[in-house]
Amino acid sequence: MAAGDGNRVWFPEMIETLRSRWNVAMPLLVLIELCNIVDGMFQRRRPRGPILRPGSRCPECGRIVGSEGQQRHSISVRATILSLRRFGIASPEVTKRTEKEWAKYRAENRLDLYGRSTSTAQSVGNDSICAHATPEE
């Protein structure tokens, strides 16, 4: 992974996937699946360190892992929608309409930020990783 890529969220292959799979008539369930695909691509590219509970000591560096700022990040459905505008895939009007539809759909179906039912959703980003995480080679 190139220098600085550990902080990058939208990698070129993720943007290309959005360009090739998204369309204006896409149902929200398919949009959620597209978000999951893009998030999976993101998770495979992110460097990961040892998974540790907040307050525990890293076996490699001896640092105590904090509870905030060292969490895994995932790409939400809203972030996916906003990226459509950011990368010129959809017009601002379409993006705004889709964002409103998603907010309404999410509330009606009691979904979390990632499109999962809040009653069965697993927590995302609650596992802390050591701050010295290095990219896998």
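The values are calculated or read from the model by the stated rules, or taken from the named source; none is laboratory data. Values in this document were obtained by computation on a predicted structure and should not be read as measured data. Glycine also receives a Cβ, built like all others from the backbone with ideal geometry; neighbour counts cover every protein chain displayed. Ligands, DNA and RNA are excluded from the accessible area calculation, which covers all protein heavy atoms including side chains. Shrake-Rupley method; radii C 1.70, N 1.55, O 1.52, S 1.80 Å.
Would a scan of segment 25-37 turn up a residue that is modelled with pLDDT under 85 and open to solvent by 70 Å² or more (accessible area, probe 1.4 Å)? Within segment 25-37, not a single residue is modelled with pLDDT under 85 and open to solvent by 70 Å² or more (accessible area, probe 1.4 Å). Restricted to segment 80-89, and to residues there that are assigned to a loop (DSSP other than H, G, I, E, B) and closer than 19 Å to ASP39 by Cα, the residue that is farthest from the chain's Cα centre (by Cα) is ILE89. Report yes if some residue within segment 117-137 is modelled with pLDDT under 95, under 16 Å from ILE32 (Cβ atoms) and of a type in the set (D, E, K, R); otherwise report no. Checking segment 117-137: not a single residue is modelled with pLDDT under 95, under 16 Å from ILE32 (Cβ atoms) and of a type in the set (D, E, K, R).
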